[in-house]
Amino acid sequence: MDAKELRAKTPDQLREQLVALKKEAFNLRFQQATGQLENTARFRGVKKDVARILTVLNEKAAQAAN
């Protein structure tokens, strides 16, 4: 997921995607705890995607405040 793609989306779309990623991270944590997680790099990627979305949401909020 690229930051340019995220900036093109509306805040509502970003929040929906954020919820989906948080659910995925929750499931990945359970898989890791039970030893079923095969792609360990996916967990790191999901965390970074969550951070990107939060950053873009904060940027959009700052722009709206000005």
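Key figures for this structure:
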{"read-out": "Hey, residue 9 part of a loop (DSSP other than H, G, I, E, B) and surrounded by 13 or more Cβ atoms within 10 Å (Cβ to Cβ) or not", "value": "yes"}
{"read-out": "Failed criterion for residue 20 (all others in (1) open to solvent by less than 90 Å² (accessible area, probe 1.4 Å); (2) not in a helix (DSSP H, G or I) hold)", "value": "(2)"}
{"read-out": "Contacts under 6 angstrom Cβ, first residue in region 55-66 being within 14 Å of residue 5 (Cβ to Cβ), partner outside any helix (DSSP H, G or I) and open to solvent by less than 60 Å² (accessible area, probe 1.4 Å), 6 or more apart", "value": "none"}
{"read-out": "Condition broken by residue 26, with the remaining ones in (1) modelled with pLDDT of 95 or more; (2) among the aromatic types (Phe, Trp, Tyr); (3) touching a Lys or Arg at 6+ places or on another chain (Cβ under 9 Å) satisfied", "value": "(3)"}
{"read-out": "Single condition residue 65 does not satisfy, out of (1) modelled with pLDDT under 95; (2) surrounded by 10 or more Cβ atoms within 10 Å (Cβ to Cβ)", "value": "(2)"}
{"read-out": "Failed item in (1) open to solvent by less than 90 Å² (accessible area, probe 1.4 Å); (2) assigned to a helix (DSSP H, G or I); (3) in contact (Cβ under 8 Å) with a residue 40 or more places away in the chain, with residue 1 passing the rest", "value": "(2)"}
{"read-out": "Matching residues, region 32-54, being open to solvent by 70 Å² or more (accessible area, probe 1.4 Å) and either touching a Phe, Trp or Tyr at 6+ places or on another chain (Cβ under 9 Å) or touching a residue at least 40 places away in the same chain (Cβ under 8 Å) (or both)", "value": "32, 36, 52"}
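The values are calculated or read from the model by the stated rules, or taken from the named source; none is laboratory data. In this text the structure is predicted, and so the values were computed from the model without any measurement. Methodologically, a virtual Cβ is constructed for each residue, glycine included, from the backbone with ideal geometry; neighbour enumeration extends over all protein chains shown. In case anyone asks, the SASA skips ligands and DNA or RNA and just uses the protein heavy atoms, side chains included. Shrake-Rupley method; radii C 1.70, N 1.55, O 1.52, S 1.80 Å.
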